[in-house]
Each structure stands twice: as C-alpha cells, then as structure tokens.
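Heads up: the structure comes next, in structure tokens.
The values are calculated or read from the model by the stated rules, or taken from the named source; none is laboratory data. Because the structure is a prediction, the values reported are computed rather than measured. Glycine gets a Cβ as well: all are built from the backbone with ideal geometry, and neighbour counts include every protein chain shown.
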Amino acid sequence: MPGKSLPRRTLLKGAGTAIALPLLDSMIPAFTRAAVAKPPCRMAMLYVPNGIIMDQWMPLAPDGVSALPAQFPRVSAALEPFRDEIMMLGGLTQNGGRALGDGPGDHGRAGANYLTCVHPKKTNGRDLQTGISVDQVAARRLEGKTRFASIELGCEEGVQGGSCDNGYSCAYSNSISWRTPSSPMPAEIRPRAVFERLFGAVDRDPRAAKYEKSILDLVTADAQRLNAQLGGTDKRKLDEYLFSIRDLEKRIASAELSAKTAPPSIAAPSPGIPAEFSEHARIMFDLMTLAFQTDSTRVATVLLALEQSPRAYPEIGIPEAHHGLTHHQGDKDKIEKVTQINCFHAKQFAYLLEKLRSTPDGDGTLLDHSMITYGSGLSDGNAHDHANLPTVLAGRGCGTLTPGRYVRYPKETPMGNLFVAMLDRMGVPVESLGDSNGKLGYLSDL
C-alpha cells in the first residue's frame, strides 16, 4: 500500500458485529505520524489455588540475582523451554493473607488478598471490605484506550454469596479481581460468553445439532474488500488471524457438545463449559491472546481454579478433590497427587506462553510486549503458608524487563512491591498498593 496506511482502529464490519484487527504492517505509517512507535504493553495475572509443592517448584537460592538452574524441578519443568522469557521470583509474601487476629480462613484471605494486598474483613455478609486489585487500578487509568478496560476469566464456577471459609464470604475465595474494596469482579467461565463479548453474537437455530454459522460469515464482504488493499505479508497475517478466530469458534462449539455428552463417570460440567480442564484453560488463554492481539484490552486476570477447589482431575488419573489432597499431613501418596496437579496447571501456563511467543506483534511478539504473572496466594498449602509465594513473571514488558534470571528477595518482601513495579511499566505509576513499601528491584538492567 504505497503512500497509504490503515487506521489502527480499522474494523471488519457486518450485520450487528465489528471485529477488531491485529497490528498490520499497513498500520505502521499511521503509527509513525502519530508518534506512537511501539505496541502497547499488556498485563495479565494467572492464579492457581491451594499452594504448590515447593520443593518441586524451584530450589532455594541466596538472596539476590542468580542464574536459573540447568534443570528445573518437576512442577516448573514445563516452563524450562521458556527460560529466556521468564523470571522466577522468590521471597515474596502476602502478609494480609495471614490471620492477623482473625483466626482460621486462610483460603478466603489468600484469594481476596492476592491482587489487592489488603487483609480482607472477616464477614460472610454484605459488608465486604478488601482493596482495589492491581488489575483494576490499571484498568481505571487505561479506560478509554481499549474497548474493554479489563477482562476477568476463569475455569471454575464459584458462588458469590454465603460463607466458604470459616466466616469469610465466598466472594473472597472466588474472586481475585476487585473493582472497589467491596465490589468483586467475578470471573467469566463460559468461553461462548467471552467470545461473543469480543466478537459479537451470531443468531443460530437452537434445534441444530451443530453450529455451522460463523461470526466471520457476517464480515466476509468487508474482509474481502480489505484483503484486496493489503500487501502480501498483511494478507497472510489477516488470513492467519481469521483462521484462528474460526478455529477457536469451532473448538468452543465442540467443547459445548462434549460437555453435553460427558460420560457418566465424569461429573457433568455447567452448560457451555468444556468437559476437560485442559481444553477449558486453553480456550480461555486463546481468547485472552486474541483480546491482547487486537488491543481490545491490555489487562486480564485468569482464575484457573478456586481456593478450596473441590475439582478433581480424572483426565490425569486423579479422582480426588484438589483441596483435600493439599492437606496431606505428610502422606506421600497425597503429596504425589498434588505434585501431579501442580505440573498439570504449569503445563497450561506453558501453553499460554507459547501462544504469546508465537503471535507477532509490531517489532516483536505478544510475549515481548506483555507482563504475565503466574502463582498462588499460598506456598505450602498443607501449612497455609503465605510467605515465599511461588511466582513467575513472564515476558519482556516492552523492553522494561530482563528475563532469564532467578531473583530471590529478602524474607517478608511484600508482593505488592511487584505490582507497583508492574503498574509503573504499564504507564500507571502509583505510590503504593495495599501493604507495599516500595517498588521491586532487579527486574531489569535499566
């Protein structure tokens, strides 16, 4: 397109829908004129519950910066192919997850405290009180720059009312994102609902056995018109992008059908939810990737499972509930099963990292232009330990992070310090978040 350029906000339009596009080469001249040379930075926080078997996560190291081990332990082994794109962080603590005079309720506190860094009020009523989570701090400041200020995704359904943990509201256990100190942002677990939020809905005949009609059918004419204006590289990018949308659409439909025909030995999932955890998680990660790729949002949270999760994992041969197994009291068989669950979760995270690493974005990849945390609000689930939390920081944060290292901070370093540093890199500087007492260092060589 000599002498021409596409606006960054170009959409494929059809009856009742408009599909955002990824960054195409044809959009770069417009960016240059607008003095916006770099793709935006994105931020996502992934949460796994009930702690991790820590001696299979990462070996202890002295405080400071060191090289990652030559061989990762079992739980983090799935992340070894990404050693040049991740940082393993040790020593971070969420003091607000501890009792602090409130007695039992570590799981409820772990969920509510993880991204807010505020000790939640012990209540199962309407007087919820914690803090504003880091994702929502970013969402507020970035509002208007994207179609959605943030997206909240999950893979396990939870209720928001009643008591789930020793007098702590279920809202605390089942939400990691908080818009205000008393307003949780429940995760959406239905892939179809997320897909239609991003791309719009298609009228389908509910009597049909399969969904044959695609959202892309509505924008075919506009896509063909745009394709005729593009150069060879952008044509390939557009084709790959539209293929990924259609492929995801088919997988969602297939997962919905599989959920309806789950064998009697497997508890039937909620309507529209994939029967297998791995397929559910990967579809949600694909949706998040598309949201980042099209700059529909720059902020996301993913609640892979709930605190005190009753989920079993028959697909890896574990019929027992995850939470119950974590209270192993030294039982080797239970420890082995928890380790297998931890490994299974880490493999899903590795899938996301590969997806982001293989998605072009401007002068790099989506992983280059993102900051993705993965971790839990507990380290040792059996002991309900809120110190030395298992934490990964992946991506390069638009050049502001230097991955490929193991950083161990002094004991009791607040997790909030990490979130303050991440907000700063998102262009959302704050003085503090919850109980933070500074900005985490050693994340880059700058």
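Worth pointing out:
One line per residue, one yes/no per condition, for (1) of a type outside the set (A, V, I, L, M); (2) without any contact (Cβ under 8 Å) to a residue 12 or more places away in the chain:
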{"position": "Ala221", "(1), (2)": "no, no"}
{"position": "Arg225", "(1), (2)": "yes, yes"}
{"position": "Leu230", "(1), (2)": "no, no"}
{"position": "Tyr241", "(1), (2)": "yes, no"}
{"position": "Arg246", "(1), (2)": "yes, no"}
{"position": "Glu249", "(1), (2)": "yes, no"}
{"position": "Ser254", "(1), (2)": "yes, yes"}
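- Selection from region 88-101 of residues that are at negative phi and in contact with a Ser or Thr (Cβ under 8 Å, 6 or more places away or on another chain): Met88, Leu89, Gly90, Leu92, Thr93, Gly96
- Scan of region 96-130 for residues that are over 22 Å from Gly162 (Cβ atoms) and among the small types (Gly, Ala, Ser), ordered by number: Gly96, Gly101
- So Asp217, is it more than 22 Å from the chain's Cα centre (by Cα), assigned to a loop (DSSP other than H, G, I, E, B) and modelled with pLDDT under 95: no
- Thr339 falls short of the stated requirement of being in contact with a strand residue (DSSP E or B) (Cβ under 7 Å, 6 or more places away or on another chain), among the hydroxyl-bearing types (Ser, Thr, Tyr) and farther than 18 Å from Pro403 by Cα.
- Any hit, region 322-337, residues being free of Cβ contacts under 8 Å to residues at least 24 places away in the same chain, touching a Leu at 6+ places or on another chain (Cβ under 6 Å), not in a loop (DSSP other than H, G, I, E, B) and not aromatic (Phe, Trp, Tyr): yes
- Contact annotation: residue pairs with Cβ atoms under 6 Å, 6 or more positions apart or on different chains, pairing a residue in region 385-409 that is surrounded by 22 or more Cβ atoms within 10 Å (Cβ to Cβ) with a partner that is part of a helix (DSSP H, G or I) and not polar (S, T, N, Q), are His386/Gly97; Ala394/Leu353; Gly397/Arg425.
- Test: Ala44 is within 15 Å of Leu353 (Cβ to Cβ) and either not in a loop (DSSP other than H, G, I, E, B) or not hydrophobic (A, V, I, L, M, F, W, C) (or both): yes
- Residue within region 294-306 that is surrounded by fewer than 23 Cβ atoms within 10 Å (Cβ to Cβ) and of a type in the set (A, V, I, L, M) present: no
- Count of region 53-84 residues, restricted to those that are in contact with a Ser or Thr (Cβ under 8 Å, 6 or more places away or on another chain), modelled with pLDDT of 95 or more and in a loop (DSSP other than H, G, I, E, B), is 4.
- Subset of region 122-146 (residues that are crowded, with 17+ Cβ neighbours inside 10 Å and of a type in the set (D, E, K, R)): Lys122, Asp135, Arg141
- Looking only at residues of region 308-321 that are without any contact (Cβ under 8 Å) to a residue 24 or more places away in the chain and under 22 Å from Ala112 (Cα atoms), we find that the one that is surrounded by the most Cβ atoms within 10 Å (Cβ to Cβ) is Ala321.
- Restricted to region 263-304, and to residues there that are within 26 Å of Thr10 (Cα to Cα) and β-branched (Val, Ile, Thr), the residue that is modelled with the lowest pLDDT is Thr294.
- Note on region 60-93: residues that are surrounded by 15 or more Cβ atoms within 10 Å (Cβ to Cβ) and farther than 22 Å from Met422 by Cα amount to 10.
- Failed item in (1) buried (at least 23 other Cβ atoms within 10 Å of the Cβ); (2) modelled with pLDDT under 95, with Tyr47 passing the rest: (2)
- Conditions (1) in contact with a helix residue (DSSP H, G or I) (Cβ under 8 Å, 6 or more places away or on another chain); (2) of a type in the set (A, V, I, L, M, F, W, C); (3) over 28 Å from Leu401 (Cβ atoms); number of the one not met by Leu100: (1)
- With a requirement of 1 or more residues that are at pLDDT below 95 and farther than 27 Å from Arg357 by Cα, the strands (runs of 3 or more DSSP E) lying completely within region 85-201 that satisfy it span 163-165.
- The set of residues in region 400-445 that are in contact with a helix residue (DSSP H, G or I) (Cβ under 8 Å, 6 or more places away or on another chain) and aliphatic (A, V, I, L, M) comprises Leu401, Met415, Met422, Leu423, Met426, Val428, Val430, Leu433, Leu440, Leu443.
- Just one of the listed residues (Leu353, Leu418, Leu378) is surrounded by 22 or more Cβ atoms within 10 Å (Cβ to Cβ), in contact (Cβ under 8 Å) with a residue 40 or more places away in the chain and outside any helix (DSSP H, G or I), and it is Leu378.
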